[in-house]
Each structure stands twice: as C-alpha cells, then as structure tokens.
1. Can you tell me the relative contact order of segment 2-82? Whole percent, Cα pairs under 8 Å, sequence separation 6 or more.
2. So, in nm, how far is label K86 from label K43 when the simple model puts each one 7 Å beyond its Cα toward the Cβ?
3. Note down, for segment 47-108, the three equivalent ellipsoid semi-axes (square root of 5 times each alpha carbon gyration tensor eigenvalue), biggest first, whole angstrom.
4. Could you compute the FRET efficiency for S102 and S17, with r as their C-beta to C-beta distance and R0 at 41 Å, rounded to 0.05?
5. What dipole magnitude, in Debye to the nearest 20, does the chain give about its Cα centre under +1 on Lys/Arg Cβ and -1 on Asp/Glu Cβ?
6. Starting from the 7 Å offset along Cα-to-Cβ, what nm value, one decimal, do you get for the label separation of S121 and S70?
7. Accessible area per residue of segment 7-64 at 1.4 Å probe, in Å²?
8. Which of the lysines could be linked to K75 by a straight reach, that is with a Cα gap under 26 Å, when you skip same-chain ones fewer than 8 residues away?
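The values are calculated or read from the model by the stated rules, or taken from the named source; none is laboratory data. Just so it is clear, the model here is predicted, and its values are computed rather than measured. Cβ coordinates were reconstructed from backbone atoms using ideal geometry, including for glycine residues, and neighbour counts include every protein chain displayed. Calculation scope for accessible area: heavy atoms of the full protein, side chains included, ligands and nucleic acids excluded. Shrake-Rupley method; radii C 1.70, N 1.55, O 1.52, S 1.80 Å.
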Amino acid sequence: QVQLAESGGGLVQAGGSLRLSCAASGRIFSVNTMGWYRQVPGKQRELVATISSGGTTTYGDSVKGRFTISSANAKTTVHLQMNSLKPEETGLYYCNANIDVSTIIRRKNYWGEGSLVTVSS
C-alpha cells in the first residue's frame, strides 16, 4: 500500500557529509511522522531523527548538532543531512514512516529496505 524509496547512502571519509532522502508513495491519506533509524554492527536499531507533520523534530543524543532532518513534498519526503560523520556510525540507515492510510486505517508503520552508510577512518 505504501512504499518508501531511500537514496543517498554511500562511502564517506570520517568528518565528511552525506545526505539521505526517503520518499513515500502509494495509498497515503496523511503523514504523521517520518524519520530515520540506524543499526550499526553489534547494536540494536536506534533513533537517528524524526520529523512530525507539524515540523517537530527529534534527534538521537549522539547526532544532535551534526545531523539535520527536513521534509518536503507535502511531508511525504524526508531528507537527513549528516555532517561530521564518524567511523562508528557505519551501518544500515532505515527510513520510517507513520502514515494514515485512510480515515479508518490510521498510524500504520512502514520501513524502507535500508541504506548502507560507510564512514572510513
């Protein structure tokens, strides 16, 4: 019903920058929140950043001041600007969207397939 298309992962040197994007498409009545989570080797999936339909942002403690999340296209696209990247942030970054599919089917959670971010030292 809803698809999330991720783009922008890749290889960057420590201290460098990358920009991830995620576009939601399909049966969307309204978007509640969109954001990014990551899973690095040996750790559980953790919050990176989210943005609500009203523009409220939430960041994981480790990325505050370095990462910026923004939305576009009537809140169906989210961008994550990542600056000053560290080698320990290497991992899979997953787009997440919480969407009302209709007035009855609400707050459905969707995940992207994951984008690999590799930060070399």
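1. 29 percent
2. That separation, rounded to one decimal, is 0.8 nm.
3. Values: eigenvalues 130, 31, 20 Å².
Ellipsoid half-lengths, sorted descending, are 25, 12, 10 Å.
4. Values: r = 38 Å, r/R0 = 0.94.
Approximately 0.60, to the nearest 0.05.
5. Around 240 debye, computed over the chain.
6. Between S121 and S70, the simple spin-label model gives 3.3 nm.
7. Spelled out: the 1.4 Å probe surface of segment 7-64, per residue, equals 53 Å².
8. Straight-distance partners of K75: K64, K108.
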